[in-house]
Structures are given as structure tokens and as C-alpha cells.
1. Please go through (1) in contact with a Gly (Cβ under 6 Å, 6 or more places away or on another chain); (2) closer than 16 Å to Lys188 by Cα; (3) surrounded by fewer than 21 Cβ atoms within 10 Å (Cβ to Cβ) for Glu294 and return the number of the only condition it doesn't satisfy.
2. Looking at Ala506, Ala553, which is the one that is in contact with a helix residue (DSSP H, G or I) (Cβ under 7 Å, 6 or more places away or on another chain), small (Gly, Ala, Ser) and surrounded by 18 or more Cβ atoms within 10 Å (Cβ to Cβ)?
3. Just for region 407-447: of the residues that are β-branched (Val, Ile, Thr) and assigned to a helix (DSSP H, G or I), which one is farthest from Gly370 (Cα to Cα)?
4. Need the failing condition index for Gly123 against (1) modelled with pLDDT under 95; (2) in the same structural domain as Gln34 (by TED's automatic domain parsing); (3) not aromatic (Phe, Trp, Tyr), just the number.
5. With region 10-84 as the region, which helices (runs of 4 or more DSSP H) entirely inside it contain at least 1 residues that are under 25 Å from the mean Cα position of the chain (by Cα)?
6. Quick check on region 426-452: of everything there that is more than 17 Å from Leu511 (Cα to Cα) and buried (at least 24 other Cβ atoms within 10 Å of the Cβ), which residue is farthest from the chain's Cα centre (by Cα)?
7. Does region 268-276 contain at least one residue that is in contact with a His (Cβ under 6 Å, 6 or more places away or on another chain), modelled with pLDDT of 95 or more and aromatic (Phe, Trp, Tyr)?
8. Are there helices (runs of 4 or more DSSP H) fully within region 92-173 with at least 3 residues that are in contact with a helix residue (DSSP H, G or I) (Cβ under 6 Å, 6 or more places away or on another chain) and closer than 30 Å to Gly267 by Cβ? List them.
Amino acid sequence: MAYNHYILTCGGTACESNKGAEIYERLIAEAEKQNVRSEVQIVKTGCFGFCERGPIVKVLPEESFYVDVKPEDAPEIIAEQIVKGREVKRLLYKGEAEKKSSIAVEDIEFYQKQVRVVLRNCGVINPENIDEYIAREGYSGLEKVLFEWTPEQVINEMKISGLRGRGGAGFPTWLKWDLARKAQGDIKYVICNADEGDPGAYMDRSTIEGDPHSVIEGMITAGKAIGAHSGFVYIRAEYPLAIERLKRALSQAQDYGLLGKNILGSGFDFDIEIRLGAGAFVCGEETALIKSVEGNRGMPVPKPPFPANKGLWQRPTVINNVETLANIPVITAKGGAWLAKIGTEKSKGTKVFALTGKVKNSGLVEVPMGTTLREIIFEIGGGIKDKKKFKGVQTGGPSGGILTEAVLDTPIDYESLTANGSMMGSGGMIVMDEDDCVVDVARFYMDFCVDESCGKCSPCRIGTTQLLNLLEKIAKGNGEEEDLDKLEIIGKAMSKASLCQLGMTAPNPTLSTIKNFRNEYLEHIHDKKCRSGKCKNLVRFVINSEKCIGCGACAKKCPANCITQVEGSDKKRPPYRIDAAACLKCGECFKTCKFGAISKE
């Protein structure tokens with residue numbers, strides 16, 4: 001059925017949590033109420049990427065891009081756009097620098113430098129409708145794989161594409177597949193790693209929510225290439241929407257003959273099962289993930305043998321993450337040479353990042369490899385919020401380092417990030433401003449690693465605890481300069497002696513901040529000062545008696561009752577003072593004072 005208009009509503013987790021589902025239902029109800037339901041198709045899509053301005057609603061064919069939409073806006077959108085044929089001006093996206101009432105989607109700065117390969121269908125199709133995926137060349141590449149290409153030809157296309165694993169290690173995809181293809185054994189497996197344990201990362205979740213069939217097609221292709229007939233998607237149980245849509249997509253693929261016995265009459269059998277993970281960060285390491293799929297505790301094992309030779313139940317196994325697999329249908333449909341044109345000489349294609357932190361435009365960003373950090377943060381991301389100064393950017397989550405302004409023009413690829421003391425990781429990118437404390441950030445990540453360490457090897461189990469203790473000592477104002485040497489010695493030992501990448505990379509945030517922000521550590525140690533005010537033991541709140549008007553608002557908010565009026569003052573309304581010994585350093589007084597009378601020292 002043809003419609004005059006299509007309304008695309010964001011159905012990703014972030015928008016759903018902000019009444020996205022209610023917006024969708026209200027739009028349908030209003031279309032029926034205003035007697036235009038036959039003229040408009042209302043579709044719930046995956047994430048548009050521009051999470052900072054969600055929920056997002058897009059109307060076609062006008063390309064109207066509505067941001068910060070609320071359920072109560074639904075009647076006006078239907079009445080104005082669908083019934084009267086005019087846009088709702090107040091909801092249209094307006095760029096920060098532009099004076100125009102609205103901006104065309106292609107001109108929105110957030111999207112201008114993006115190249116959406118992995119996210120090509122997110123925000124475009126209904127992820128719960130297999131027909132919409134097929135209409136956008138979905139499963140067309142699989143047809144070649146099943147009926148035209150040999151496994152060797154499939155792997156050769158992967159080699160031509162230059163695709164490297166997007167889970168963080170950057171291992172050539174074709175080589176991993178080729179090793180598994182050549183491995184001895186009649187039973188082989190394909191595993192999709194959708195565990196995604198990095199704080200602030202949600203690339204894989206959004207890809208599955210917005211385009212689950214791309215991952216399924218990628219897994220079937222991998223199975224055909226290596227000779228596997230069974231696949232598993234290992235996904236966090238904390239991703240209910242992604243799991244629901246994945247289950248629906250698997251059922252649809254089964255119904256269409258794309259999974260199961262004799263796929264499309266090709267003689268090739270392949271099935272996919274879902275395995276739920278409990279959110280263990282260590283299960284991002286492939287051998288720990290395998291143990292978890294087998295029903296055991298997720299703990300890494302020494303390599304070799306590598307999973308490509310002996311993996312799941314000691315059978316040859318290929319493990320690729322969601323982003324890697326979502327690239328496969330594009331490569332098989334358009335050819336490896338098409339993807340190889342994007343990116344740099346050693347890092348081909350695009351990379352998806354979850355851009356978060358102190359940046360104006362947070363969200364999912366997909367850019368060609370070789371794009372600089374400056375382009376992502378200051379052009380796509382719009383720069384730092386509230387006119388604050390840029391301090392650093394954390395790439396690679398708890399495994400990556402914090403990079404400074406000096407390397408903002410570094411092209412993003414595997415080698416460049418590693419050379420600068422960080423790493424690609426799965427794609428987390430957290431921006432920090434002048435109000436962030438590097439000691440506190442390093443302590444936060446180390447606390448995370450202590451919790452997530454499986455405890456199997458002593459370099460990681462003991463090393464992370466020792467690093468955390470030293471960082472907490474410095475944050476409390478009890479540090480010594482020798483502690484910095486200890487942090488570096490322990491960190492370097494962990495990077496060489498730990499069993500898996502969790503322990504090897506856990507010191508990176510600490511080591512990179514000591515290297516790039518040593519003076520800030522020394523301030524904590526010698527001056528007993530935290531310039532950002534994040535280390536509570538080093539913060540002191542003081543009331544300026546000249547600025548204080550004696551309103552008492554701060555005293556009323558103080559949970560410790562440590563703010564009292566100054567006795568003997570000649571002012572009609574005596575100023576207040578803070579008893580530093582009793583102060584909890586919660587900052588409530590600082591937030592409450594409207595006259596700038598309270599400062600942090």
C-alpha cells in the first residue's frame with residue numbers, strides 16, 4: 001500500500017526510556033482520530049544516533065527532522081504536517097550557529113562527516129520487519145555466498161575489504177575465518193559477541209535494536225565460509241529490547257527459510273541460538289566468553305591453542321563482535337573493494353563510536369577510519385558543553401588511555417591510538433572537560449577493573465587492587481611522590497604478565513594520566529589540592545562573608561547542620577560560616593547559593 005507520508009519514530013533504548021513508545025502510540029492514535037490513518041505509515045525504527053536530541057521523529061518525504069519530541073506533540077505533528085502539509089517549526093532541529101528556522105538533515109553538523117555502513121539501516125527501517133531489511137539489499141549478499149561463491153572466495157572478499165575485528169583487537173577478519181576453515185573437525189561454531197561491557201558503550205546494543213538481520217546475515221556468511229552449522233549470539237541480559245528484537249528476527253529468518261535445514265535450497269544448514277551473559281566485562285575476552293557459553297564461569301584460558309583451532313567444546317570456533325558481523329552483508333553485496341576504499345591503508349572501513357561525556361552532541365557516531373579526534377569531538381560532537389575547556393578523551397573504555405589536546409589531530413586507526421597510549425577498543429569515547437579530575441577518573445576505571453577481574457591470575461587480581469589502593473591514597477590526600485613510581489612499575493608488570501587483555505590493559509588509564517597529567521597528581525600529593533573538586537577529601541567549602549547576604553538557604557540545605565551564622569557581626573543579617581571539621585563535602589550549599597558566596601578551595 002502506498003502512503004503520502006511516512007513517520008519514522010526512534011525506537012532505541014534511550015528514546016524508549018524517554019517516552020518514545022508513547023510518542024509512537026500517540027501518533028497512531030492521532031492519525032486515526034484525525035481521519036488520516038490511510039495516508040500515513042508510522043514506523044518504529046532503531047536509533048537515529050543523535051541521542052542528545054532524542055526522542056527523534058522524522059517525516060518523509062519532506063525530511064522533517066523533529067527533536068526533543070514529547071507525546072503531547074503528536075496531535076500537532078499530525079494536524080500540521082499530515083493534514084495541513086506544513087512543518088511544525090518549533091520542533092525542527094536548529095543548528096547552534098545558524099539563524100535559519102530549520103536545517104536540512106544532510107546539513108546537520110552531527111551527520112555531515114559520518115559514513116553509515118554498520119548503522120546504514122538504523123533509524124531507516126522497522127527492525128521488526130524482515131521485508132524492510134530485504135528491501136534495502138538485505139540477504140542479497142548471502143545469495144552469492146550460498147549459490148555463487150566458494151568458501152575460499154568468501155574469505156578472499158573479506159581479505160580484499162581489509163576488515164579488521166571491531167571488538168578492539170583489530171585482528172584481520174579474513175585470517176580468523178581462514179584459520180577456522182582449515183582447522184580439522186566436522187563440527188565448527190560461529191559466535192557473535194554482543195556482551196559489550198565498557199562503561200558508556202552502546203554501539204552493539206543499538207545495532208541489534210535497529211538492524212538485527214544484518215548480524216544474522218553476517219553469522220550465516222561466516223558459517224558458510226568456515227564450514228560451521230551452528231551459531232550463538234552471546235548477549236547481555238541487561239539488553240531486553242535488543243534480545244526481544246533479535247528473537248523476532250531469528251523467528252522471521254526461520255520462517256523465510258534463511259535459517260535451519262537446507263537454507264533456500266542451497267544444501268547448507270545453519271541455526272542460531274541466543275545465550276544470555278550476566279554482564280561480566282572479562283567475557284569480552286574470547287576464551288572467557290566461550291567458557292560462559294559452555295555454562296561455566298567466564299574465565300580466560302591460556303593461548304595457544306586459539307579458538308579458531310580449539311574453541312567452543314574444543315571445536316574450531318570463530319568469534320566476531322556485532323559491529324564486525326554487521327559489515328559482512330555490505331561486503332558480500334557490494335564487494336570487498338567497495339569497503340576498502342573507505343578508511344586508511346591499514347585500517348579499512350568505518351568505526352562506530354559511542355560519543356559521550358562533556359560534549360554537546362552525544363550519540364552514536366560512525367566515521368571513516370582516519371577521521372581525527374578533533375573532527376569527532378568538535379565538529380560532529382559540537383565541542384565542549386557550557387563553554388568549558390577540553391581536558392581529555394578516553395578511548396577504549398577501561399582498557400584505553402586518556403588522550404590530551406596535543407593529539408587531537410591524530411587520525412583514528414588501530415596503530416595511531418596504540419602509539420599514543422590508548423586503544424580503539426570496542427568504540428567507547430568519553431570526553432572530559434576542565435572540571436574532571438584525572439586521579440578520580442583513573443580511580444573510577446581501576447575500581448571497575450577490580451570488580452570485573454575474574455581473579456584467575458595474580459598479576460591482574462593483585463595488581464588491580466594495589467593500583468586502586470594507591471589511587472585512593474592519593475585521592476584522599478595521603479599520597480607520596482614515590483607512589484607514582486609504584487603505579488608505573490605495577491602497571492607495566494601487569495601489562496606483561498596478566499593472562500588476558502583485561503589485566504594487560506587495566507593500567508592504561510592510570511599510566512596515560514600519569515604521563516599526560518603528572519602535575520595534577522603532584523598537586524594532590526604535595527598541595528593536597530584537587531583542582532576539579534572531585535576528590536572530596538581535598539575539597540573545602542568556604543563562605544565569603546562579603547558576598548553572603550545572610551539568607552540562610554545554604555544552612556537549610558546542609559544535611560550535616562554545620563553551617564551557622566557568624567556571631568558578633570554588625571550586619572543586620574549576619575553572614576554564615578561553615579564548620580570545616582563537620583562538613584560532609586556534599587556540595588549542597590555550593591549548589592544552593594545563588595549569590596556566588598560559596599566557593600570550593
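The values are calculated or read from the model by the stated rules, or taken from the named source; none is laboratory data. It should be emphasised that the depicted structure is a prediction, and the values quoted were computed from it without experimental measurement. Glycine gets a Cβ as well: all are built from the backbone with ideal geometry, and neighbour counts include every protein chain shown.
1. Just one mismatch for Glu294, condition (1).
2. Working: Ala553 fails: surrounded by 18 or more Cβ atoms within 10 Å (Cβ to Cβ).
Result: Ala506 is the single residue among Ala506, Ala553 that is in contact with a helix residue (DSSP H, G or I) (Cβ under 7 Å, 6 or more places away or on another chain), small (Gly, Ala, Ser) and surrounded by 18 or more Cβ atoms within 10 Å (Cβ to Cβ).
3. Of the residues in region 407-447, the ones β-branched (Val, Ile, Thr) are 407, 410, 412, 418, 430-431, 438-439, 441.
Subset that is assigned to a helix (DSSP H, G or I): 407, 418, 438-439, 441.
On the way: Val407: 13, Thr418: 14, Val438: 27, Val439: 30, Val441: 27 Å.
The qualifying residue farthest from Gly370 (Cα to Cα) is Val439.
4. If we test Gly123 against (1) modelled with pLDDT under 95; (2) in the same structural domain as Gln34 (by TED's automatic domain parsing); (3) not aromatic (Phe, Trp, Tyr), just (2) comes out false.
5. Working: elements: 13-16, 20-33, 74-77.
Once the helices (runs of 4 or more DSSP H) in region 10-84 are filtered for at least 1 residues that are under 25 Å from the mean Cα position of the chain (by Cα), what remains is 13-16, 20-33.
6. Val431
7. Taking region 268-276 and keeping what is in contact with a His (Cβ under 6 Å, 6 or more places away or on another chain), we get 269-270.
Cutting the leftovers down to modelled with pLDDT of 95 or more gives us 269-270.
If we keep only those that are aromatic (Phe, Trp, Tyr) as well, we get 270.
Within region 268-276, one or more residues are in contact with a His (Cβ under 6 Å, 6 or more places away or on another chain), modelled with pLDDT of 95 or more and aromatic (Phe, Trp, Tyr).
8. Working: elements: 109-112, 130-135, 140-147, 151-161.
Passing ranges, in order: 140-147, 151-161.
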